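Peer 1: Before we start, here is the structure in question, set down as structure tokens.
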Amino acid sequence: MTSAAMDRDRLDVAVPEQPSELRPSSAADDRSVDLKAAHTGTPDDEVRQGSCSEPSPVPNAAPTVTEGGTPVAGTTLSAEEIDELRQGIVMALKTVYDPEIPSDIYELGLIYSIDVDDERNVAIDMTLTAPGCPVAGEMPIWVENAVGAVPGVNAVKVQIVFDPPWDQSRMSDEAKLAIGMF
């Protein structure tokens with residue numbers, strides 16, 4: 001099964017960081033292909049929250065490879081489909097907030113990896129600001145619901161990880177500004 005994964009600064013998820021780019025990888029041989037050239041948009045809009053068990057209808061959907069979309073090695077999704085999914089997933093993540101910090105979880109650096117397979121199933125590894133976070137049981141559900149509402153996403157699985165531990169260096173400048181660190 002091939003998949004596409006996002007990672008903000010690099011496409012190697014061995015050192016998890018904020019995701020923002022998609023890369024296809026094969027689960028069987030754990031290889032990845034750089035898709036930064038396929039990225040053309042920015043993820044700064046809002047999306048609705050909700051959940052779905054089937055792929056959402058995608059109005060004005062990006063072309064598939066068979067419809068003339070740009071092929072990408074390691075996945076059956078086109079570069080346009082990957083970019084559209086990346087934007088939607090990031091926008092959805094930016095609607096989920098840590099209730100104790102006035103910034104969204106994406107800008108806080110709580111999202112370590114996002115994998116999207118050819119069936120548009122999304123797997124997210126995320127962390128919490130502290131292992132004893134009072135919303136540890138609820139936040140993965142918020143993330144699952146937000147990302148599940150993205151048009152074209154089939155299913156979402158969220159896993160909480162604590163390695164590496166989160167620290168303030170993972171925050172974007174936007175998050176630092178929001179909490180008064182500048």
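The values are calculated or read from the model by the stated rules, or taken from the named source; none is laboratory data. Quick caveat: nothing in here was measured; it's all calculated off a predicted structure. FYI the Cβ positions are ideal-geometry reconstructions off the backbone, even for glycines, and counts take in every protein chain you see.
Peer 1: How many residues are outside any loop (DSSP other than H, G, I, E, B) and over 16 Å from the mean Cα position of the chain (by Cα) when one looks only at region 147-178?
Peer 2: The qualifying residues number 8.
For (1) part of a helix (DSSP H, G or I); (2) at pLDDT 95 or above; (3) in contact with a helix residue (DSSP H, G or I) (Cβ under 9 Å, 6 or more places away or on another chain); (4) of a type outside the set (Lys, Arg), each residue gets a yes or a no:
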{"position": "GLY74", "(1), (2), (3), (4)": "no, no, no, yes"}
{"position": "LEU77", "(1), (2), (3), (4)": "no, no, yes, yes"}
{"position": "GLU80", "(1), (2), (3), (4)": "yes, no, yes, yes"}
{"position": "TYR106", "(1), (2), (3), (4)": "yes, yes, yes, yes"}
{"position": "ASP115", "(1), (2), (3), (4)": "no, no, no, yes"}
{"position": "ASP125", "(1), (2), (3), (4)": "no, yes, no, yes"}
{"position": "VAL143", "(1), (2), (3), (4)": "yes, yes, yes, yes"}
{"position": "GLY180", "(1), (2), (3), (4)": "no, no, no, yes"}
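Peer 1: A follow-up question, please. State yes or no: is VAL161 surrounded by fewer than 16 Cβ atoms within 10 Å (Cβ to Cβ) and touching an Asp or Glu at 6+ places or on another chain (Cβ under 6 Å)?
Peer 2: Yes; evaluated as a whole, the condition is true for this residue.
Peer 1: Sticking with this structure for a sec: If the requirement is being more than 15 Å from PRO151 (Cβ to Cβ), at pLDDT 95 or above and crowded, with 24+ Cβ neighbours inside 10 Å, which of these qualifies: ILE89, ILE111?
Peer 2: The unique qualifying residue is ILE111.
Peer 1: Which number in (1) within 15 Å of the chain's Cα centre (by Cα); (2) without any contact (Cβ under 8 Å) to a residue 60 or more places away in the chain; (3) buried (at least 21 other Cβ atoms within 10 Å of the Cβ) marks the one condition that LEU128 misses?
Peer 2: (1)
Peer 1: Ok, one more. Could you list, in sequence order, all residues of region 99-124 that are of a type outside the set (A, V, I, L, M) and under 19 Å from GLY74 (Cα atoms)?
Peer 2: SER113, ASP115, ASP117, ASP118, GLU119, ARG120, ASN121
Peer 1: Here's another thing I want to ask about it. Please name all residue pairs, on different chains or six or more residues apart, with Cβ atoms under 7 Å, provided the first residue is in region 157-182 and is farther than 13 Å from TYR106 by Cβ and the second residue is assigned to a loop (DSSP other than H, G, I, E, B) and of a type in the set (Phe, Trp, Tyr).
Peer 2: Every condition considered, the pairs that remain are LYS176/PHE182.
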